[in-house]
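Reading through the structure tokens given below for one structure.
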Amino acid sequence: MGWLDLLRELGALLTVLGLLVGALWLVRRYGLTFQGLPQRQRRLAIVERLAIDGRASLTLIRRDGHEHLVLLSPHGALLVETGIPAVEPAVATEVRPPLPPPGLTGIALQQSLRRIPFDFAALVEKARKTASRGAAA
């Protein structure tokens with residue numbers, strides 16, 4: 001085995017190790033997890049996780065209808081708040097304009113699309129109201 005073959009194998013090994021380290025960094029940095037297939041109704045769930053810095057994170061844990069806020073760091077876990085009543089997330093409804101009748105092509109389709117009311121300001125205002133209701137709850 002020559003030097004060139006040895007360098008090629010070492011380069012391939014370093015490339016694979018670099019890809020693994022990069023994937024691990026992405027998982028840790030962005031909190032990516034694999035949920036797997038649902039087996040049964042669980043009593044314990046991580047609702048949300050917010051990375052504060054590279055080593056500490058706030059985690060919202062739901063247990064039996066109550067939520068608990070925990071600060072996780074290399075120094076340990078600190079219970080920030082407990083007994084928060086669990087709220088179910090609001091189901092977002094998508095606002096879609098009505099579709100034009102089927103079978104239209106060309107100029108007739110363009111004219112039909114121009115008649116569809118689309119008010120961006122109204123959509124933004126509706127989103128703000130929905131967000132403020134969710135924050136008030």
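The values are calculated or read from the model by the stated rules, or taken from the named source; none is laboratory data. These numbers were taken from a predicted model, which means no experiment stands behind them. We place every Cβ from the backbone using ideal geometry, glycine too, and count neighbours over all the protein chains shown. Note: accessible area is taken over every heavy atom of the protein model, side chains too, but ligands, DNA and RNA are not part of it. Shrake-Rupley method; radii C 1.70, N 1.55, O 1.52, S 1.80 Å.
Restricted to segment 23-38, and to residues that are part of a loop (DSSP other than H, G, I, E, B) and on the phi < 0 side of the Ramachandran plot, which residue is modelled with the lowest pLDDT? Can you show your working first?
Step one: filter segment 23-38 for residues part of a loop (DSSP other than H, G, I, E, B), giving 31-38.
Of the ones still in play, those that are also on the phi < 0 side of the Ramachandran plot are 32-35, 37-38.
On the way: L32: 73, T33: 71, F34: 68, Q35: 67, L37: 57, P38: 60.
Out of the qualifying residues, it is L37.
Here the condition is being modelled with pLDDT under 90 and open to solvent by less than 90 Å² (accessible area, probe 1.4 Å); of V16, V47, it holds for V47 alone. The residues of segment 43-72 include none that are more than 18 Å from T33 (Cα to Cα) and of a type in the set (S, T, Y). As a summary of the residue check, L78 satisfies the conditions (1) more than 21 Å from A131 (Cβ to Cβ); (2) part of a loop (DSSP other than H, G, I, E, B); (3) of a type outside the set (F, W, Y); (4) open to solvent by 80 Å² or more (accessible area, probe 1.4 Å) except for the one numbered (2). Residue check: L104 meets all listed conditions (1) at pLDDT below 85; (2) open to solvent by 80 Å² or more (accessible area, probe 1.4 Å) but one, namely (2).
Here's the yes/no breakdown for (1) in contact with a Gly (Cβ under 6 Å, 6 or more places away or on another chain); (2) assigned to a strand (DSSP E or B); (3) over 27 Å from T130 (Cβ atoms); (4) at pLDDT below 85:
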| site | (1), (2), (3), (4) |
| --- | --- |
| L4 | no, no, yes, no |
| A12 | no, no, yes, no |
| T59 | no, yes, no, no |
| V87 | no, no, no, yes |
